[in-house]
Amino acid sequence: MTVESPLAEQQRAVVELYVNSKWLKANLALEDDNLFIEYEYDKQVSTEQTNSNVHNTSNNVSSQKRLIKISKPDNTGLGISIKGGRENRMPILISKIFPNMPADQTGLLYVGDAILSVNGKDLQHVSHEEAVQILKKTGKEVELEVRYLREVNVLMQKQTTLSSRKQQQQQSQDNLNDLGPRRLLGSTSPQSSNDSIRYETKRISLRLCYVFRRSTSATDMILFSFSSSPATIAPLLTNGTNGAILDIILPSTQTCYSIRFVDDMYARKWFYIIHAKISRCLLEMLPEIEERFYIERDNSEVKALGWFAEQVNYDEVTTIKSWRPVFFILTEFDLCLLSHPPAAEARQTSRETNTSYPILSSRLIPSIYDASVDIDISLITLRVGTKFGIVTHTLRLETKLDLDYWTNAMTQCTQNAVLRVQEVIFPCTWNNRLCKLHLHYEDGFTLYSDSENTHTNVRLLWKESFEKLRSSSDDNNHLLTLDFHGEEGIMELYFETSPKPFVFHLHGFLSAKATRFSLTK
C-alpha cells in the first residue's frame with residue numbers, strides 16, 4: 001500500500017460520470033474518506049428508462065430462492081419499502097427500491113421480491129410492523145433470503161407507474177437532506193429552466209473501495225469476481241481517451257462508478273489521491289481484520305493487506321485484458337485471496353475467502369511489463385506449489401510503492417515462517433521403500449524409513465547438508481531428483497502427488513539461509 005501524500009481536506013474536479021449508457025457532466029469532491037459525485041439527469045427520461053428496466057428485468061428473474069448480501073453504514077437504511085404481512089395474509093414483499101441506496105446498489109433485488117428471512121430470522125409468518133422493526137435493527141452487513149413472485153409484481157408495476165414521479169421527487173429531496181447543504185454543481189452550473197432536470201448526489205465511502213486506472217495505449221478492462229461486468233462500467237473507448245477514466249469499484253456491493261477526467265494527467269493525479277486514501281482506510285481497518293483472523297486462522301497475525309488486480313482473460317484477437325479486483329491478506333502462515341475486505345462482524349464467516357495458500361508454498365515473481373504503456377504499473381506472478389502441480393495467478397499492482405511493499409512483506413514472512421517451522425516432512429518412496437524425507441533448516445536433508453506403514457523400526461537411510469546439494473529437478477508429476485556431491489550422487493524420490501510443495505519449501509529454506517548468511521558477513 002502506498003503512503004498517503006499530504007492533501008488538502010477537500011479536493012474538487014469537474015468530470016463526467018457514466019450513467020445509463022452515456023456520459024453525464026458531474027462534479028467530484030473528496031472530503032475526508034468519502035467521495036461525492038453530483039450530476040445532472042433528466043427526470044422524465046430517467047423515469048421512462050426505470051419503468052422500462054423494471055419490466056425487462058422482471059421477466060428474467062428466477063423464481064428460485066436467492067441469498068442477497070448488502071453492506072451499508074450503521075446509520076443508513078436498506079432503501080426499500082415493504083408491503084404485506086400476517087394480518088394481510090400476504091408475504092413480506094418489496095414494494096419499492098429507492099435509487100442509489102444500499103439495496104439498489106446491489107442490482108440484485110426487485111420489486112415483487114418476497115423477503116423470506118433477514119440475517120437468518122424467519123419473516124414468513126410475521127406481521128408488517130414486526131417485519132419493519134426487524135429490518136430497522138439490521139447492522140452494517142445484511143443477508144436477505146428472497147424469492148421473486150411474478151404475479152404480485154404485475155399489480156405493483158401499475159401502482160409504481162402512477163406514483164413514480166412523486167416518489168422520485170421525494171427521493172431527490174431526501175438525498176439532499178441526508179447529505180446536508182452540499183451542492184457541488186450549484187456554484188459552477190446555471191440553474192436549468194427545465195423542470196425535469198434534477199441533481200443526483202452519490203456518496204462513496206473509500207473504506208472498501210478499489211480504484212482501477214485505465215491506460216491510453218492498452219486495452220485493459222476491469223471485471224467483478226463473476227464472469228460479466230455490471231452495466232455501470234463504461235466500455236472501452238476507441239478515441240484514445242481510456243487513460244482519462246478511473247473505475248471506482250465496491251466489490252462487496254458489486255457496484256462500479258466510471259469517471260472520466262479532462263485528460264490522462266488529471267486522471268493520474270486523482271488516481272494517486274484516491275489510491276492513497278484507500279490505503280489509509282485499509283490501515284485503519286487492520287485491527288478489525290487482525291481480530292477476526294487471529295481467531296479464525298490459528299492465532300495467525302496479519303502482516304500485510306491490500307488490493308491487487310488479477311488477470312482473468314486475454315483475447316488474442318482484440319488484445320483486451322480483463323482484470324478482477326482481489327483483496328490479499330498475508331498472515332504468518334497463509335496468503336489469502338478474497339473477493340472484498342472482510343468485515344469485523346462475528347457473524348461473517350470464512351466463506352468470504354476464495355482461496356488460501358500456505359506461505360511456504362507461495363512465491364511472488366516480478367514479470368516483464370512494457371513500461372511504455374504505463375511506467376508505474378507492475379505485473380507480478382504468484383506461483384504456488386500444490387499436490388496437483390503449479391498454480392499461477394497473473395497480478396497487477398498500480399504503483400511501484402505497492403510492489404516494494406508486497407515484495408518485502410512476502411520475503412520477510414517467508415523467512416519468519418521457516419524460522420518458526422524449522423522442519424517439514426514429506427512421505428515418499430526411495431529404492432522401492434516407503435520413506436519420509438525430512439527438510440530441516442539447520443540439518444538439511446534426512447531420509448528415514450517409514451515405520452508406520454512398514455511396521456519396522458525407523459532407520460536412517462541417508463543424510464545430506466544443504467551445502468552438498470548441486471541441483472534439484474522434478475517432472476511435475478511424481479519424480480524428484482536431488483543431485484549431491486560425493487559418493488551418494490543422484491537421489492531419485494517418488495511422491496504420490498506432485499513434488500512441487502517440497503520444491504517450493506526447499507526454495508524457501510534456501511532463501512532464508514542465504515539471507516541469514518548475508519546478514520552475518
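The values are calculated or read from the model by the stated rules, or taken from the named source; none is laboratory data. On a predicted model such as this, the values are computed, not experimentally measured, just so you know. Note that we place each Cβ from the backbone using ideal geometry, even for glycine, and neighbour counts take in every protein chain shown.
The table that follows gives values for the structure above.
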item: Number of the exception - Gln412 against (1) modelled with pLDDT of 90 or more; (2) buried (at least 16 other Cβ atoms within 10 Å of the Cβ); result: (2)
item: Residues (assigned to a helix (DSSP H, G or I) and crowded, with 16+ Cβ neighbours inside 10 Å) located in region 131-143; result: Ala131, Ile134, Leu135
item: Some residue of region 203-213 being at pLDDT below 85, among the charged types (D, E, K, R) and surrounded by 16 or more Cβ atoms within 10 Å (Cβ to Cβ); result: yes
item: Qualifying positions in region 102-125 - among the hydrophobic types (A, V, I, L, M, F, W, C) and surrounded by 19 or more Cβ atoms within 10 Å (Cβ to Cβ); result: Ala103, Leu109, Val111, Ala114, Ile115, Val118, Leu123
item: Residue within region 448-471 that is in a loop (DSSP other than H, G, I, E, B), loosely packed, with under 12 Cβ neighbours inside 10 Å and under 40 Å from the mean Cα position of the chain (by Cα) present; result: no
item: Filter result (assigned to a helix (DSSP H, G or I) and surrounded by 21 or more Cβ atoms within 10 Å (Cβ to Cβ)) within region 393-405; result: Asp402
item: Looking only at region 363-392, and only at residues there that are small (Gly, Ala, Ser) and modelled with pLDDT under 90, the one that is surrounded by the most Cβ atoms within 10 Å (Cβ to Cβ); result: Ser378
